[in-house]
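Colleague: Take this structure first; my questions come after.
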Amino acid sequence: MRKEAKSIIGCDIALLCGIDSLPFGVVNGTRFEDYCVKHIIVANAGDLSSDRNIATNCLQDIYTSSFTAIKELLAKESELVKDTATVALDVWTDS
């Protein structure tokens with residue numbers, strides 16, 4: 001599997017875990033791996049990102065792309081925010 005495709009799958013799993021309040025360790029489970037292989041999400045379980053990779057690299061990719069998108073949106077709407085805006089992107093918790 002190409003590294004780019006693996007990264008996309010990892011980011012999608014990070015979003016899934018975040019939205020559903022699941023631990024990233026869900027990717028290490030045999031049933032999750034079997035499901036992904038059975039439904040041709042990946043060719044084999046080794047193509048899935050590890051929980052550690054999702055928690056570090058994939059979340060960083062999501063943060064960076066979200067931050068860039070928000071900056072671009074605020075730049076377009078600068079008249080609305082009057083040159084001052086506060087955005088918090090670091091409020092994720094696993095509780």
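The values are calculated or read from the model by the stated rules, or taken from the named source; none is laboratory data. Given the structure is predicted, the values throughout are model-derived calculations rather than measurements. Note: ideal-geometry Cβ built from the backbone for every residue, glycine included; neighbour counts use all protein chains shown.
Colleague: Pull out all pairs, ordered by first then second residue, where Cβ-Cβ is under 6 Å, the residues are six or more apart or on different chains, the first lies in the stretch 1-13 and is farther than 15 Å from D51 by Cβ, and the second is modelled with pLDDT of 75 or more and surrounded by fewer than 17 Cβ atoms within 10 Å (Cβ to Cβ).
Modeller: So the pair list comes out as M1/D47.
Colleague: Output the residues belonging to the stretch 74-86 that are of a type outside the set (G, A, S) and either surrounded by fewer than 12 Cβ atoms within 10 Å (Cβ to Cβ) or modelled with pLDDT of 85 or more (or both).
Modeller: Our first condition is that a residue be of a type outside the set (G, A, S); within the stretch 74-86, this holds for 74, 76-77, 79-84, 86.
The answer is K76, E77, E79, L80, K82, D83, T84, T86.
Colleague: Hey, another quick one. Anything in the stretch 6-32 that is buried (at least 18 other Cβ atoms within 10 Å of the Cβ) and farther than 20 Å from S66 by Cβ? List them, or say none.
Modeller: The answer is V27, and nothing else.
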